[in-house]
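Let me begin by presenting the structure, written as structure tokens, before commenting on it.
The values are calculated or read from the model by the stated rules, or taken from the named source; none is laboratory data. The structure displayed is predicted, hence computed values, not measured ones. Cβ sites come from the backbone with ideal geometry, for glycine too, and all protein chains shown count toward neighbours.
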Amino acid sequence: MELQRSCKEAIASCLDQKTFAVSHLYNDDNRFYSIEPGDIFFINQYESHHLTYIDEKVHERIVLSIFPDFLKQLSSGQTNLDNCFSSRDASNPNLHKRSLNAEEQKLFQYFIHKLVSTDGFGADLIEKATFTELMVFLNKIFSDNNLPVTSSVRWTQHQQVDRILTYINQHIQNPLTIEELSENFYLSPSYLCRIFKSATGTTINKYITAKRITIAKSLLAEGKSVNEACEECGFNDYSNFLKTFTKAVGISPKKYSQFSS
């Protein structure tokens, strides 16, 4: 599939083929936009978005132009692929906007790359299958995130968790507590734990422990003693280190160092 360089070209191609088209836009075509990297808008032919300001940043966007009847053809009795465009709630003006996390952004980029790079025998079928999978992916994000919280709030939470993860990784050798993190980031302990679990799927303490075990395994494989590994990975309690390592890895640190050396 050819990658279009303007909305006008994409819409013309979409109407001509009666399927869909992909366009890669910059500042010179600003009818559609994403305020932050990873933002995605589900809009129909009756809506339009404009840049509210022009600055030195390059506002790069990927825009899908989709023929409505094509989505209906791909939909089934159980899966309506038009749902992300047709569902609107007057009480939530930001319902059509979502912020993709890092993993979702990578998957979105994968689908787009596959759509515009497919060529040769069976390209039409691969494009159709990839587009269908992409629309299922986008509709799932739309449905899963249809919660009473705006996407701007959700994006802020992801930024907060990214900073927390960076801080933990940079201070993993030091004693780390939820209370310390709470004070450092000016967040309540309960809120801190909640957004971290929501973004990572695990608790702060479990993440810290897993990170320290990973570092300890690396240090032991390098020839460090058990005592050195215990201190350098952030475990201040030797007995706790032995117990935690053995439970996580399945063998004691000493045996691990013997097997990995």
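Can you name the helices (runs of 4 or more DSSP H) wholly within the stretch 64-150 that have at least 2 residues being of a type in the set (Lys, Arg) and either modelled with pLDDT of 80 or more or out of contact with any strand residue (DSSP E or B) (no Cβ under 8 Å at 6 or more places or on another chain) (or both)?
Because the criterion is at least 2 residues that are of a type in the set (Lys, Arg) and either modelled with pLDDT of 80 or more or out of contact with any strand residue (DSSP E or B) (no Cβ under 8 Å at 6 or more places or on another chain) (or both), the helices (runs of 4 or more DSSP H) in the stretch 64-150 that meet it are 102-117, 123-144.
I'd like the full set of residues that are in contact with a Cys (Cβ under 8 Å, 6 or more places away or on another chain) and crowded, with 16+ Cβ neighbours inside 10 Å, limited to the stretch 163-179.
If the condition is that a residue be in contact with a Cys (Cβ under 8 Å, 6 or more places away or on another chain) and crowded, with 16+ Cβ neighbours inside 10 Å, then ILE172, ILE178 are the ones that fit.
Which of the following residues is within 22 Å of VAL161 (Cα to Cα) and surrounded by 13 or more Cβ atoms within 10 Å (Cβ to Cβ): TYR186, TYR256, TYR207?
When all the criteria are applied, what remains is TYR207.
Residues of the stretch 215-239 being of a type in the set (S, T, N, Q) and closer than 15 Å to LEU176 by Cα, which ones?
Selection gives ASN236 alone.
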